[in-house]
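Student: Once you've had a glance at the structure underneath, I'll fire off some questions.
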Number of protein chains: 2
Amino acid sequence: MVIAQNIEYFNSPLYLESGRILESYNVAYETYGELNADKSNLIVVFHALTGSQHAAGRYDGDNKTGWWDSLIGDGKTIDTSKFFVICSNILGGCNGTTGPISVNQSTGEPYRLKFPVITISDMVRVQQNLFSRLGLKNAYAVIGGSLGAMQALCCSIEYPDFAKRVICLAGTSATSPWAISFNKIAMDGILNDPLFKNGQYDEDAFKDDGLLGLALGRMAGHISFLSPHSMRRKFDRNYVDTDGLYELFGRFQAERYLEYNGYSFSRRFDPLSYLYIIKAMNIFDAARNYESLKDSFSSIKAKVYLIAFKGDLLFLPDEMELMRDTLYELGRKSMTEFVCVDSDYGHDAFLVEYEKFDFHIKKALTEEI
Amino acid sequence: MVIAQNIEYFNSPLYLESGRILESYNVAYETYGELNADKSNLIVVFHALTGSQHAAGRYDGDNKTGWWDSLIGDGKTIDTSKFFVICSNILGGCNGTTGPISVNQSTGEPYRLKFPVITISDMVRVQQNLFSRLGLKNAYAVIGGSLGAMQALCCSIEYPDFAKRVICLAGTSATSPWAISFNKIAMDGILNDPLFKNGQYDEDAFKDDGLLGLALGRMAGHISFLSPHSMRRKFDRNYVDTDGLYELFGRFQAERYLEYNGYSFSRRFDPLSYLYIIKAMNIFDAARNYESLKDSFSSIKAKVYLIAFKGDLLFLPDEMELMRDTLYELGRKSMTEFVCVDSDYGHDAFLVEYEKFDFHIKKALTEEI
């Protein structure tokens, strides 16, 4: 499978949901597989909170694969020998698409805290502009998990003619106060960290371990991605070093896991970018600009596949049941599939327990509609 | 009801579980009600993580009552017209009992990070020393929630002849990796906060909002005290100010709740004390110095009342079911009562939803054994 890395530059203004305008922007993306002659084999993959356009394959000399490489590739569930797959870095990101650390062309300086607040709708609009530029008018399917599921859902509501199938994993139609609360640790951690300096930070000041507030926020995130039961199975009460029992710094394996994930993240991810993306997540409510969720969903034309995970504590299965029930109320029973995967892994299941749900995706991608 | 505030000074060494020694220590405590002639009406109340000895009543001129005032008082569930109630600040605390900011008599300086790591057993030993000093050999009942339940359980294992009844609410026999993970936000938040200065902090440096790392850790704690459902009911997706929707600083009610609780706590509580108490919580495992939990529980003589809360996400009901089942295995069915209160409030229920469980406490305190 060949990975094609690209970037597109847009010199026309982007009108944001907030009423504010980005004068110009660019979008970094990757593609896998080949577009067929009638352009009917496009699958759009949306990445989650801290993912990137590198969804599959391995860069030359790199030992890490893309974040959904288990699913995307030649002969895999999302089969790149049949489909043309595209994944773009979201607006607000820090992997090549315009975000708060990008240079504002009109000032010659990075936006930083002057970057406008963005929404999931804005992210989806940018992707649509990319697809138009590339001559891609329709998708065989759009798919994403978590924040990616929000984009997939939003795409099916706001661009109802675009995709035939929309597959949402571990998603919700509106970010819950529980999820907003986990994001709050990062929000205040970043904004109030003395090294953040109101966004005018000098990266060198925290290059070793990253910004502490971001690391703590990410640790909170990782707690929300797991669950009491998955943590017990993964770590139990095991110590990293049993000599440490009565030492203040004696660590449990659960603590080491959070340390590793918190600080490795804060070293690689930009704090401003994280701030704007979690804000977009917090704002997300598919019913926001409509009378009701039913009203919002009434424009959907695609067949909707909802894959919930029983042990997901961040976006609970009952949030996806609400989506299912709303679609049923709209008389779309034959155009809605709902499964709740029996997993106690937590929210992260969509990035881990592939064998428990890949066949649902396979079915969605093979059945006639 | 009269509140009697006292402090006792111990000039004899305290041998800690870790093998380390505190040369001297003091214990601050409150009592309510009167000890009867045969000293048979003592009820010991253990406070939770950030509680204090001020369990009930109202100090002159104060408009806040003690943390369990709804349950403790004349004619209340824990009836101070019948019982003599005592509550002491835990070892490691910052409300009068010796803790890391107390002055080490041998150096004339506060201990700070030189304070030894303490355990729940150490806290219970200090309380027993207090009771001996006061001539209190037996308790009618001991009772506590959360960290207080750990102390109650520990007391019934290590001092089996002390109490006739032990009542544990929202507790566990061993702190789970899930709970340890929430504590980790505070642990790293405090230790790595630049203003913490390896424990040599100048309080004036963070007097306005407290230490940020402690506030963030406390926010994480407050998330763990609630649940997705209780948050939805309390806050839903309501904004504090609807004008703030597209503003980076526009806040949700859930965020304001965490801000209020995080920063008001970090202004009033000492970060070193918090660090040592969460470490003691993390270490807690009733089976730690035994062959098994069954072996540990085999010394218990008291009747054990276990009150779990269905929606408790910090110490799950199945953790208290394990305690019940272990007691059953020991043939103590007639000396064990277990209830799981139908609540989706979360861990905090034992401090909030009194009407759902106070009658269970009443029953425990009135039935003959």
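Student: If I take every Cα pair under 8 Å that is 6 or more residues apart in the stretch A:179-280, average their sequence separation and divide by the length, what percent do I get for the relative contact order?
Tutor: 33 percent
Student: Just to be sure I understand: with springs between alpha-carbon atoms less than 10 Å apart, which residue in B:A141, B:A287, B:A302 has the highest mean-square fluctuation in the Gaussian network model of chain B?
Tutor: Highest fluctuation among the options: B:A287.
Student: So, one more: Can you list the residues, at least 5 places off or on another chain, whose amide H is less than 5 Å from the amide H of B:F338, using H built in the peptide plane?
Tutor: B:L306
Student: Still on this structure: I need B:S70, A:S181 ordered by Cβ neighbour count within 10 Å, fewest first.
Tutor: B:S70, A:S181
Student: How far apart, in nanometres, would the label points at B:R133 and B:L245 be if each is projected 7 angstrom from Cα along the Cα-to-Cβ direction?
Tutor: Spacing of the two 7 Å Cα→Cβ label points: 6.1 nm.
Student: Moving on to the next point. If you look at just the Cα atoms of the stretch A:1-79, how large are its Rg and its Dmax in Å?
Tutor: Reported Rg and Dmax, both Å: 15.4, 44.
Student: Stokes-Einstein at 20 °C, 1.002 mPa s, Kirkwood radius from Cα pairs: D for the stretch A:325-369 in µm² s⁻¹?
Tutor: Result for D is 174 µm²/s.
Student: Only Lys, Arg, Asp and Glu count, each charged at its Cβ (+1, +1, -1, -1), so figure out the dipole size of chain A about its Cα centre, rounded to 20 debye.
Tutor: Magnitude of the dipole: close to 580 debye.
Student: Step through the residues of the stretch B:87-104 one at a time and calculate ³J(HN,Hα) from phi using the Karplus curve (6.51 cos²θ - 1.76 cosθ + 1.60, θ = phi - 60°), rounding each to whole Hz and writing x for Gly and Pro.
Tutor: 9, 10, 5, 5, 4, x, x, 10, 10, x, 7, 4, x, x, 9, 6, 7, 6
Student: Please report the Cα spread of chain A along all three principal axes, rounded to whole Å, starting with the longest.
Tutor: 64, 52, 48
Student: What are the equivalent ellipsoid semi-axes of the protein assembly as shown, built from the alpha-carbon gyration tensor (square roots of five times its eigenvalues), in whole angstrom, biggest first?
Tutor: In descending order the semi-axes read 52, 28, 23 Å.
Student: Apply 1/(1 + (r/R0)^6) to the Cβ-Cβ distance of B:K114 and B:T65, taking R0 = 30 Å, and write down the FRET efficiency to the nearest 0.05.
Tutor: 0.25
Student: Can you give the direction-averaged projected area of the convex hull of the alpha-carbon atoms in the stretch B:212-262, in nm²?
Tutor: If I average the Cα hull's projected area over directions, I get 3.7 nm².
Student: If you bin the C-alpha pair distances of the stretch A:217-369 every 10 Å from 0, what whole percents do you get?
Tutor: Reading the bins upward from 0: 9, 27, 31, 21, 8, 3, 0.
Student: Still on this structure, I have one more. What FRET efficiency do you get for A:R58 and B:K234 if R0 is 30 Å and r is their Cβ-Cβ distance, rounded to the nearest 0.05?
Tutor: It comes out at approximately 0.05.
Student: Could you check the simple spin-label distance between A:L35 and B:E355, using points 7 Å along Cα→Cβ, in nm with one decimal?
Tutor: About 6.4 nm separates the two model spin labels.
Student: Rounded to whole Å, give me the distance from the Cα center of the stretch A:311-338 to that of the stretch A:94-136.
Tutor: 31 Å
Student: Can you tell me which lysines have their Cα less than 22 Å from the Cα of A:K197? Leave out same-chain residues fewer than eight positions away.
Tutor: Of all the lysines, those that pass the test against A:K197 - Cα under 22 Å, at least 8 places apart if same chain - are A:K114, A:K184, A:K207, A:K279, B:K197, B:K207.
Student: Still on this structure, please answer the following. Just tell me the longest site-free run in chain A, where the sites are GluC sites (Glu not before Pro) in a DSSP loop having at most 15 other beta-carbon atoms within 10 Å.
Tutor: With a cap of 15 other Cβ atoms within 10 Å, the longest stretch comes to A:35-246.
Student: Hey, if you put +1 on the Cβ of every Lys and Arg and -1 on every Asp and Glu Cβ in the stretch B:179-280, which of B:L272, B:F235, B:Y201 ends up farthest toward the positive end of that dipole?
Tutor: About the Cα centre, the residue reaching furthest to the positive side is B:F235.
Student: Here's another thing I want to ask about it. Going by C-beta contacts inside 10 Å, put A:T77, A:T175 in order with the fewest on the left.
Tutor: Listing A:T77, A:T175 from fewest to most nearby Cβ atoms yields A:T77, A:T175.
Student: So, with +1 on the Cβ of K and R and -1 on the Cβ of D and E, and no other charges, what is the size of the charge dipole of the protein assembly as shown about its Cα centre, to the nearest 20 debye?
Tutor: In total the dipole reaches around 580 debye.
Student: By how many nm would the segment from A:R288 to A:N11 grow when fully extended, if each residue of separation counts as 0.36 nm and the alpha-carbon distance is taken off?
Tutor: 96.8 nm is the gain from fully extending A:R288 to A:N11.
Student: Next question. State, in angstrom, two size descriptors of the stretch A:235-283 derived from its alpha carbons: Rg to one decimal place and Dmax to the nearest whole number.
Tutor: 15.6, 46
Student: Hey, what do the phi angles of the stretch A:269-281 turn into as Karplus ³J(HN,Hα) couplings, whole Hz, using 6.51/-1.76/1.60 and θ = phi - 60°, x for Gly and Pro?
Tutor: Along the stretch A:269-281, the couplings run 10, 7, x, 5, 4, 4, 4, 6, 6, 5, 5, 4, 5 Hz.
Student: How large is ³J(HN,Hα), in whole Hz, for each residue of the stretch B:31-40 in order, when computed from phi with the Karplus curve 6.51 cos²θ - 1.76 cosθ + 1.60 and θ = phi - 60°, using x for Gly and Pro?
Tutor: Each residue's phi maps through the Karplus curve to give 10, 9, x, 10, 6, 7, 4, 8, 6, 9 Hz.
Student: Please state the charge dipole magnitude for the stretch A:1-100, taken about the Cα centre, from unit charges on C-beta atoms (+1 on K and R, -1 on D and E), reported in debye and rounded to the nearest 20.
Tutor: For this selection, approximately 160 debye.
Student: Just grab the label-to-label distance for B:S81 and A:D208, each label 7 Å out from Cα along the Cβ direction, in nm (one decimal).
Tutor: For B:S81 paired with A:D208, the spin-label model returns 6.4 nm.
Student: Another one. Identify, among B:Q128, B:L191, B:F359, the residue whose Cα sits farthest towards the positive end of the charge dipole of the protein assembly as shown, taking +1 on the Cβ of Lys and Arg and -1 on the Cβ of Asp and Glu, with the dipole about the Cα centre.
Tutor: It is B:F359, whose Cα lies furthest towards the positive end.
Student: Another question, if that's okay. Size of the stretch A:106-171 along its principal axes in angstrom, Cα-based, largest extent first?
Tutor: Extents along the principal axes: 42, 30, 15 Å.
Student: Within 10 Å of each Cβ in peptide A:312-323, how many partner chain Cβ atoms are there on average? Round it to a whole number, please.
Tutor: 1
Student: Additional query: Given springs between every Cα pair under 10 Å in a Gaussian network model of chain B, which of B:S18, B:S173, B:S343 has the largest fluctuation?
Tutor: B:S18
Student: If each residue's Cβ is checked for other Cβ atoms within 10 Å, how do A:K356, B:K333 rank with the fewest at the top?
Tutor: B:K333, A:K356
Student: With runs of 4+ DSSP H residues as the only contributors, calculate the mean residue ellipticity of the protein assembly as shown at 222 nm using -39,500 (n - 2.57) per run, divided by the residue total and rounded to the nearest 500.
Tutor: The helix-only estimate for the protein assembly as shown comes to -10000 deg cm²/dmol at 222 nm.
Student: Pull up all non-local amide H partners of B:L314: gap of 5 or more, or a different chain, and H-to-H distance under 5 Å with H placed in the peptide plane.
Tutor: Answer set, sorted by chain and number: B:H347.
Student: Scaled to the compact-protein estimate 2.2 N^0.38 Å, what is the alpha-carbon radius of gyration of the stretch A:179-280, rounded to two decimal places?
Tutor: Scaled against compact globular proteins, the figure is 1.17.
Values quoted throughout were computed directly from the atomic coordinates according to the rules given, and no laboratory measurement underlies them. None of the values given here were measured: they were computed from a predicted structure. Heads up, the Cβs are rebuilt from the backbone with ideal geometry, glycines too, and the neighbour counts pull from every protein chain shown.
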